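Written below as structure tokens is the structure these notes are about.
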Amino acid sequence: MEQTFVMVKPDGVAKGIIGEIVSRFEKKGFTLAQGKVMTIPTELAERHYGEHRERPFFGELVEFITSGPVFAMVWEGADAVKNARALIGKTNPSEAAPGTIRGDYALDVASNIVHGSDSPESAQREIALFFGA
Ligand code: RTP
Ligand code: MG
């Protein structure tokens with residue numbers, strides 16, 4: 001069974017929709033393997049989003065993701081990475097279809113409610129970063 005890393009970002013936690021997001025993954029048929037509330041240290045945020053280090057929005061992205069508590073999770077299921085991103089929707093909520101999490105709960109690309117790993121390799125890297133020993 002594949003695993004993926006999913007995180008309710010600080011805007012999703014502040015909005016009070018952790019339960020709604022968890023519920024969507026449960027109803028889809030995923031199994032929750034791990035979950036915890038945490039505030040991400042800057043160094044971890046910079047490693048997590050390391051692929052975006054040279055992008056103009058990197059500073060803003062790190063500031064945002066460390067701005068308050070997140071809910072980090074590991075979900076298991078068939079094609080978990082791909083199926084989780086389908087539930088989450090496109091990066092820019094303006095382009096995300098209604099019925100997806102970003103399509104239903106976000107308007108702004110900088111605060112788009114939830115993160116999901118973009119490949120099985122990223123998932124293993126991110127699970128190790130957030131839940132490794
Ligand atoms: P995430 O990693 O957070 O799950 O999002 P994603 O895969 O859908 O998108 P990614 O390309 O990895 O971008 C990471 C986060 O950076 C912010 N972003 N801002 N201002 C911009 O043009 C821009 N582009 C991306 C978003 O918050 C995105 O989730
Ligand atoms: Mg990404």
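The values are calculated or read from the model by the stated rules, or taken from the named source; none is laboratory data. No experiment lies behind these values; they were computed from the predicted model shown. Here the Cβ positions follow ideal geometry from the backbone for every residue, glycine too, while neighbour counts run over all protein chains shown. Only protein heavy atoms, including side chains, enter the accessible area calculation; ligands, DNA and RNA are left aside. Shrake-Rupley method; radii C 1.70, N 1.55, O 1.52, S 1.80 Å.
Taken over region 55-69, the criterion of being of a type in the set (Gly, Ala, Ser) and either in contact with a helix residue (DSSP H, G or I) (Cβ under 7 Å, 6 or more places away or on another chain) or within 16 Å of ligand 2 (Cβ to nearest atom) (or both) is satisfied by 67, 68.
Considering only region 70-103, state which residues are surrounded by fewer than 17 Cβ atoms within 10 Å (Cβ to Cβ) and either within 16 Å of ligand 2 (Cβ to nearest atom) or under 14 Å from residue 11 (Cα atoms) (or both). Result: 82, 86, 90, 91, 92, 95. Consider region 104-133 and keep the residues that are open to solvent by 70 Å² or more (accessible area, probe 1.4 Å) and within 20 Å of residue 60 (Cα to Cα). The one that is farthest from ligand 1 (Cβ to nearest atom) is 107.
When each of 36, 9 is tested for being within 16 Å of ligand 2 (Cβ to nearest atom) and among the charged types (D, E, K, R), the lone residue that passes is 9. Filtered by the rule that a residue be in contact (Cβ under 8 Å) with a residue 12 or more places away in the chain and charged (D, E, K, R), region 46-72 gives 46, 47, 60.
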